[in-house]
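Colleague: What follows is a structure written as structure tokens; I'll ask about it next.
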Amino acid sequence: MKDQDIVDLSWDEFDELRDPRASTNDFDAVVERAISRRGFLGGALAFGSGALAMGAGLMSSTTAARADGHMGFAFKPIDIATDHDIHVPDGYKWKVLVRWGDALFSDAANAYSPETGVDVSMSDRVFGENTDGMETFVDGDKTVLAINSEYVNPKINLPAASEGKPQSADEVMMLKNMQGVTVMEVADTGNGFEVVVDSPYNRRITHETVMTMDGPAAGSDLVKTNADPEGMSPKGTMNNCGSGKTLWGTYLTCEENFNGYFGATGAYEERADFKRYGIGGEGRYAYEKFDTRYDLSKEPNEPYRHGWVTEINPLDPSSTPIKHTALGRFKHENAEMVQANDGRVVVYMGDDERGEFMYKFVSNGTWTEGGSTEGLLSDGTLYVAKFNDDMTGAWLPLTPETTGMSIEEILVFSRIAGSKVGATTMDRPEWIAANPLKCEAYCALTNNKNRGIKTNAGGDETPVGGPNPREANKYGQIVRWTPTGEDHGSETFAWDLYVMAGNPNVHDNAYGGSDNVTAGNMFNSPDGMAFSSDGYLWIQTDGDDSNEGDFAGQGNNQMLVGNTETGEIARFLTAPNGAEVTGLCWSADKKVAFVGIQHPGGAWPDGAGKPRSAVISVWREDGATIG
Ligand code: FEO
Ligand code: CA
Ligand code: CA
Ligand code: CA
């Protein structure tokens, strides 16, 4: 692989390049094993006769639509699209709220140029690149959004002369400033929501922002570097993927593919954990050539300061972000916080890589409205999920007793700890969403071409079965679990599959998908997920949008809405070709949904110049709520 090609790879392709494991693929075996799972899947997807016993909130928001005959949704589902535009149902409107390079402060009004992108001097005063997870915060009559910027596209973001490879410290700084988190106030101006330029809430948190750490691994030898001998002041949050919101109203940003930022300019120690996390070789954006912090031959512990869940208070622009080591270190997708029946705080988390695990953190302390939050995300137990084929499962505690590792090692090398207790290797756990009306949670397992074919990077087998029932899984599925005793604090659960994505036009076996997938609503690679307050599950995709072969008839990436009682799924929005849909939150009055459009192709949304990732707002023309 030539240097200049690395930035063209997706993050999972990049990891495959780092870890080329032996591979065999017998197509006949794939099909046979998939078919043999059909009986099981029918059982897993049986929707009970109580399926229509929906919550009152759910019913009230859909009554009009039901009279209309549209499957219990408040909109008429839309067709696939293959163009470079956005489509929403009849009766809905959308407009761009903010694009990469748009000013947060008036001195950056001209920071973006279609030819050269954003000038380095203004690169931390504009909206970041590749928008991802986001949440809404309300302060009196003010609305503040915190929004992740996951990664960069150097061939788009850098001047053409750089050919996608940073050539100077300034260009590296520009890329660093394009990522992290944007906090910004938005307001309904009468012409829809717009950014409040120069709002005192507006803030960029980047790869350069100084943070602090808490929890058992903070200050440990593992996280000490030459620049920070105390191991308490890491710099930067990176590859900010999914999000979460605490019960007490702060933002959780989740550090996913942090490994790709590190490289070596000289000899370095190839550690076992580096292999498990895909750290080594050449960095994706040449950071190591211009900043020793990213150079494994100079700062081998720096990668241990990334891969955490980081908490930010969006309503206090002077607050210092906190990396919570108690929640474990892996490729964090999102962080879904709920509460156990006894008041303890529970955070569900996925590790998005082929054959990696699902986790949850449970605090020792309890939370009450307005009460202290001290220690709630620094003192507790990290668990990893074990799924049994009989549709039960357990959360296995990761402790020195169960793993033979120190607590610092468990938290910094959580993947290795999970392997020691026999956690279930999953089909790339992406977002986890908990139903606000019922004690259950859902995880999008986006796809896994290695299922049944290759081990994970730790050598754990990836057998076909349980919630990962298809070999070489190309479409993905959504697993759902109900904690025992209807208590998120419980250590056991029952699970089933809410949906198995597939293509019923192309396959008449398990690759055709579960019964709630039809030629009319099909999709691949579920990724982003969030429940609206009325109890619907919104599903965003990040998959193959070629509309060919296995994916013929699925069109561009999309956002669908699921009724989790009946199993029905309806397509609500289609993205421009090339883009994924990721990130979803609502205005305080639920009349507007904010939706993220990441890595669009063509020249969306401007119609000329560079493509720009953007957050859009979507609303109903009749002014009714949409969430
Ligand atoms: Fe950043 Fe797994 O998506
Ligand atoms: Ca994602
Ligand atoms: Ca994805
Ligand atoms: Ca993405």
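The values are calculated or read from the model by the stated rules, or taken from the named source; none is laboratory data. Just so it is clear, the model here is predicted, and its values are computed rather than measured. Cβ sites come from the backbone with ideal geometry, for glycine too, and all protein chains shown count toward neighbours. Ligands, DNA and RNA are excluded from the accessible area calculation, which covers all protein heavy atoms including side chains. Shrake-Rupley method; radii C 1.70, N 1.55, O 1.52, S 1.80 Å.
Colleague: Assuming Gly459 fulfils every condition listed in (1) of a type outside the set (Lys, Arg); (2) open to solvent by 10 Å² or more (accessible area, probe 1.4 Å); (3) more than 16 Å from ligand 3 (Cβ to nearest atom); (4) touching a strand residue (DSSP E or B) at 6+ places or on another chain (Cβ under 8 Å) apart from one, which condition is it?
Modeller: It is condition (4) that Gly459 fails.
Colleague: Just name the residue that is nearest to ligand 2 (Cβ to nearest atom) out of those in the stretch 603-623 that are assigned to a loop (DSSP other than H, G, I, E, B) and open to solvent by 30 Å² or more (accessible area, probe 1.4 Å). Even if it seems obvious, please write down each step before you answer.
Modeller: As a first pass, look at the stretch 603-623 and keep what is assigned to a loop (DSSP other than H, G, I, E, B): 603-613, 621-623.
Add one more test, that the residue is open to solvent by 30 Å² or more (accessible area, probe 1.4 Å), and what stays is 605-609, 621-623.
On the way: Pro605: 21, Asp606: 25, Gly607: 27, Ala608: 29, Gly609: 26, Glu621: 30, Asp622: 32, Gly623: 32 Å.
Taking the candidates together, the pick is Pro605.
Colleague: Right, next: Which residues, counting only those in the stretch 461-488, are closer than 22 Å to Asn503 by Cβ and either modelled with pLDDT under 95 or outside any strand (DSSP E or B) (or both)?
Modeller: Hits for the stretch 461-488 are Val464, Pro467, Pro469, Arg470, Glu471, Ala472, Lys474, Tyr475, Gly476.
Colleague: While we're looking at this one, here's another question. Among the residues of the stretch 546-602, what is the count of those that are of a type in the set (Gly, Ala, Ser), part of a strand (DSSP E or B) and within 16 Å of ligand 2 (Cβ to nearest atom)? Outline the logic, then answer.
Modeller: Let us first name the residues in the stretch 546-602 that are of a type in the set (Gly, Ala, Ser), namely 546, 549, 552-553, 555, 562, 567, 570, 575, 578-579, 583, 587-588, 593, 596, 601-602.
Right, trim to part of a strand (DSSP E or B) and you get 562, 570, 583, 593, 596.
Of the ones still in play, those that are also within 16 Å of ligand 2 (Cβ to nearest atom) are 583, 596.
Adding up the residues that qualify gives 2.
Colleague: Let me ask something else about it. Considering Gly513, Gly476, which residue is within 16 Å of ligand 3 (Cβ to nearest atom), farther than 17 Å from Asn388 by Cα, out of contact with any Cys (no Cβ under 6 Å at 6 or more places or on another chain) and open to solvent by less than 10 Å² (accessible area, probe 1.4 Å)?
Modeller: After applying the criteria, what remains is Gly476.
Colleague: Of the residues that sit in the stretch 425-456 and are polar (S, T, N, Q) and open to solvent by less than 20 Å² (accessible area, probe 1.4 Å), which one is farthest from ligand 3 (Cβ to nearest atom)?
Modeller: Only one residue tops the list, namely Asn435.
Colleague: Tell me, which residue of the stretch 579-602 that is open to solvent by 10 Å² or more (accessible area, probe 1.4 Å) and small (Gly, Ala, Ser) is farthest from ligand 4 (Cβ to nearest atom)?
Modeller: The residue in question is Ala588.
Colleague: Another one. Being away from ligand 1 (no atom under 16 Å from the Cβ), on the phi < 0 side of the Ramachandran plot and assigned to a helix (DSSP H, G or I) is true for just one of Val172, Val138. Which residue is that?
Modeller: Val172
Colleague: Hey, does the stretch 322-342 have a residue that's closer than 18 Å to Thr209 by Cα, in contact (Cβ under 8 Å) with a residue 40 or more places away in the chain and surrounded by fewer than 22 Cβ atoms within 10 Å (Cβ to Cβ)?
Modeller: There is at least one residue in the stretch 322-342 that is closer than 18 Å to Thr209 by Cα, in contact (Cβ under 8 Å) with a residue 40 or more places away in the chain and surrounded by fewer than 22 Cβ atoms within 10 Å (Cβ to Cβ).
Colleague: Would you pick out the residues in the stretch 410-424 that are in contact (Cβ under 8 Å) with a residue 24 or more places away in the chain and open to solvent by 10 Å² or more (accessible area, probe 1.4 Å)? Spell out the reasoning first.
Modeller: Quick first cut of the stretch 410-424, residues in contact (Cβ under 8 Å) with a residue 24 or more places away in the chain only: 410-419, 421-424.
If the condition is that a residue be in contact (Cβ under 8 Å) with a residue 24 or more places away in the chain and open to solvent by 10 Å² or more (accessible area, probe 1.4 Å), then Phe413, Ile416, Ser419, Val421, Gly422, Ala423, Thr424 are the ones that fit.
Colleague: Has the stretch 260-270 got any residue that is within 16 Å of ligand 2 (Cβ to nearest atom) and within 25 Å of the chain's Cα centre (by Cα)?
Modeller: For the stretch 260-270, residues within 16 Å of ligand 2 (Cβ to nearest atom) and within 25 Å of the chain's Cα centre (by Cα): present.
Colleague: May I pose another question? Which of the residues spanning the stretch 365-409 are open to solvent by 30 Å² or more (accessible area, probe 1.4 Å), in contact (Cβ under 8 Å) with a residue 24 or more places away in the chain and either β-branched (Val, Ile, Thr) or in a helix (DSSP H, G or I) (or both)?
Modeller: Correct list: Thr366, Thr368, Thr373, Thr392, Ile407, Glu408, Glu409.
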